[in-house]
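To start, the structure under review is shown below, and the notes come after it.
Just so it is clear, none of the values below were taken in a lab; they were calculated from the coordinates. All of these numbers come straight from a predicted model, not from anything done at the bench. Don't worry about glycine lacking a Cβ; one is built from the backbone with ideal geometry, like all the others, and counts go over all protein chains shown.
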Amino acid sequence: MPRWLPGLGLAAAAAALAFALSAAVPAIPWLTACVALGMVLAQIPALRPALSGVFKPGLALSSRRLLRIGIVLLGLKLSLVDIVALGWLAILGICLIVLLTFGLTLGLGRLLGLPGNQPILIAAGFSICGASAVGAMSAVTRSKESEAATPIALVTLCGTLAIFILPVLRVPLGLSDMEFGSWVGLSVHDVGQVVATAQIAGPTALAAAVVFKLTRVLTLAPMVALVGAVERRKARAGLRAGAADTPPAARPPIVPLFIVGFLAAVLVRTLVPLPDGALLAANELQTVLLAVALVALGTGIRVSELARTGGRALVVGLVSWAFIAGAALVAVSVLRL
């Protein structure tokens, strides 16, 4: 029996249970339920030895390889034609919001002394596309699984809160269906959370939210490339300084292979008239892969450790969430994106 089979089976079974929970309570997105269920498994003392033992190879495969394949397939949701149709002002506004949120979150995380790569992982998760962005940045920065645990927990928490809070604010803010959908797409983290939040206001809001959200997702590739270039420069500087622990093979790629695949999938969706059945199948497969991967990532989150060390990270996450929601609201209300 392959060493990875028990852990993969555990993650798949938990993802299936999360799907049943989401079907019973539609307000809970499937992918959010997957992270939450993985976290629950990680808190069971009797299960922890197995999670770090027999289940570890399969959970590692799920949280890395399956996540990356899911990110590649995510590109098939993006058509450059739909993005161009937004207009240059909207595209510029989206890029500006992503950059400002990323910079603010990264700076605040470093100011508050968050350990390791946590600042950049939180910045990616909150500014771009939630857990998928955290996974992509983890790959290019060679982050430990423990460093990704807190950012994933934070984007799950704040994205879940958005599902319940943003619709309540819609009427007092006087937002139309289109404006509400644009706001949600510009500010909520994971795609599933965007859909769960926007669908409350109807199909017009949902359509706007998905287009704006997927345009934000497209910024993942250049942001990962930028971070990859910075990491390689640091690695070269370490070699010049005679750092023995930074061999040439340890230099991170400027653009990981799965990000190249993501961009290729975007081009395929834009240039090739794919049948609806193929797109539907790719979408279902992508969601399943991310579901299993997020269960595996959730098993690395220890609530007891978050309680001891996560206070500063929580502050960073909440400030980042408030900032991107406020910036998106200004863009929608003032600039009429």
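Quickly run through segment 187-208 and pick out the residues that are assigned to a helix (DSSP H, G or I) and within 13 Å of Leu166 (Cα to Cα).
Answer for segment 187-208, where residues must be assigned to a helix (DSSP H, G or I) and within 13 Å of Leu166 (Cα to Cα): Ser187, Gln193, Val194, Val195, Ala196, Thr197, Ala198, Gln199, Ile200, Ala201, Ala205.
Rundown of residues vs (1) closer than 22 Å to Ala235 by Cα; (2) buried (at least 24 other Cβ atoms within 10 Å of the Cβ), yes/no style:
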{"position": "Leu106", "(1), (2)": "yes, no"}
{"position": "Leu114", "(1), (2)": "yes, yes"}
{"position": "Gln118", "(1), (2)": "yes, yes"}
{"position": "Leu121", "(1), (2)": "yes, yes"}
{"position": "Met137", "(1), (2)": "yes, yes"}
{"position": "Ala162", "(1), (2)": "no, no"}
{"position": "Leu169", "(1), (2)": "no, no"}
{"position": "Leu173", "(1), (2)": "no, no"}
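Does Arg65 qualify as being surrounded by fewer than 16 Cβ atoms within 10 Å (Cβ to Cβ) and under 20 Å from Gly135 (Cβ atoms)?
So Arg65 passes the test.
Please find, among Gly7, Gly87, Gly53, Gly38, the residue that is over 19 Å from Ser132 (Cα atoms), surrounded by 14 or more Cβ atoms within 10 Å (Cβ to Cβ) and either small (Gly, Ala, Ser) or free of Cβ contacts under 8 Å to residues at least 12 places away in the same chain (or both).
None of the others qualify; the one that does is Gly7.
Would it be correct to say that Val211 is farther than 18 Å from Leu74 by Cα, β-branched (Val, Ile, Thr) and in a helix (DSSP H, G or I)?
Here the answer is no, as Val211 does not meet what is asked.
One line per residue, one yes/no per condition, for (1) touching a Phe, Trp or Tyr at 6+ places or on another chain (Cβ under 7 Å); (2) within 21 Å of Leu267 (Cα to Cα):
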position: Ala18; (1), (2): yes, no
position: Leu21; (1), (2): no, no
position: Thr32; (1), (2): no, no
position: Val35; (1), (2): no, no
position: Gln43; (1), (2): no, no
position: Pro57; (1), (2): yes, no
position: Arg64; (1), (2): no, no
position: Gly75; (1), (2): yes, yes
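Quick check: anything in segment 189-203 surrounded by fewer than 21 Cβ atoms within 10 Å (Cβ to Cβ), more than 16 Å from Ala322 (Cα to Cα) and within 19 Å of the chain's Cα centre (by Cα)?
Yes, there is a match, as at least one residue in segment 189-203 is surrounded by fewer than 21 Cβ atoms within 10 Å (Cβ to Cβ), more than 16 Å from Ala322 (Cα to Cα) and within 19 Å of the chain's Cα centre (by Cα).
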